[in-house]
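Each reported figure results from applying straightforward, stated rules to the coordinates on display, with no laboratory input. Keep in mind that this is a model prediction, so the values were computed, not measured. In this analysis, Cβ positions are derived from the backbone assuming ideal geometry, glycine residues included, and neighbour counts consider all displayed protein chains.
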Amino acid sequence: MACERKTCWRLMEKLKKAFPRLPVCLCADSLYVCEELIRKEFWYLTDLPGTRKNAADLIERGRMRWKIENEGFNAQKKHGYSLEHLYSRNYQVVKKHYYLIQIGHMTGQFMEAWEELFCNEKD
């Protein structure tokens, strides 16, 4: 819908004004299609220079980033890290707890990758 497009541009202007030097790449899909009901439309928002030559590369990198973040949050929520549980109402405590979850998750990923490399070299 036209109102979504206008809102999107307002958001991008606010982000650029608040963070002028921050490179941002947002990957999102439209809930309300602009034309036909069966058409699905994707908009990629970035302040990186986009051309026809690098459009496919930017889209692929955005999808890779989304996949990494989505899989990481899913693991932290559902596989023993208890990210969804609120252990405190104090913002600073919650933030520190989240950092510890991130460190623990990253350490677990390193250990899994190391085990795969170590076991493959022994064989």
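For the stretch 63-112, the Kirkwood radius over C-alpha pairs fed into Stokes-Einstein at 20 °C and 1.002 mPa s yields D = 184 µm² per second. Among the listed pairs LYS14/LYS95; LYS17/LYS77; LYS67/LYS96; LYS53/LYS77; LYS17/LYS78, give every one whose C-alpha distance is greater than 29 Å. Checking Cα-Cα distances, LYS17/LYS77; LYS53/LYS77; LYS17/LYS78 exceed 29 Å. For the stretch 83-123, the set of trypsin sites (Lys or Arg not before Pro) satisfying both a DSSP loop assignment and a count of at most 15 other C-beta atoms within 10 Å is given as ARG89. Can you list which of the chymotrypsin sites (Phe, Trp or Tyr not before Pro) found in the stretch 45-123 are DSSP loop residues with at most 11 other C-beta atoms within 10 Å? Hits after loop and neighbour filter: TYR87.
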